[in-house]
C-alpha cells in the first residue's frame, strides 16, 4: 500500500511544524543579548530560538524514555536485559 505523504497525518503535521519553525527562525535574525546566571551572550535571535527548540525536543524525548521505562514498556525497539 503506497500512500502519498500528504495523506499521512503524522508526516503532514510534522512537515507543517518544521515549516513554521523555519519561517519563525528566518524572520528573527536580529541580535539579542541573553543573560543566564553569570553569563551574558549576544547572538542572533534565530540561534536562540533554535537552541530553545533543541532543548525542548531533548527534554521531551528524555521524559518519554523515562516514563516508558517506568511502565516497563520496550515500545521504542530497545532490548531489555532481564
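Looking only at region 39-53, which residues are more than 12 Å from residue 25 (Cβ to Cβ) and without any contact (Cβ under 8 Å) to a residue 12 or more places away in the chain?
Of everything in region 39-53, those that are more than 12 Å from residue 25 (Cβ to Cβ) and without any contact (Cβ under 8 Å) to a residue 12 or more places away in the chain turn out to be 39, 40, 41, 42.
Let me confirm something: among 29, 40, which residue is modelled with pLDDT under 85, touching a strand residue (DSSP E or B) at 6+ places or on another chain (Cβ under 8 Å) and outside any helix (DSSP H, G or I)?
Within the list 29, 40, the selection yields 29.
Kindly establish whether residue 55 is in a helix (DSSP H, G or I) and modelled with pLDDT under 85.
no
The values are calculated or read from the model by the stated rules, or taken from the named source; none is laboratory data. What you see is a predicted model; the values in this text were computed from it and never measured. In this analysis, Cβ positions are derived from the backbone assuming ideal geometry, glycine residues included, and neighbour counts consider all displayed protein chains.
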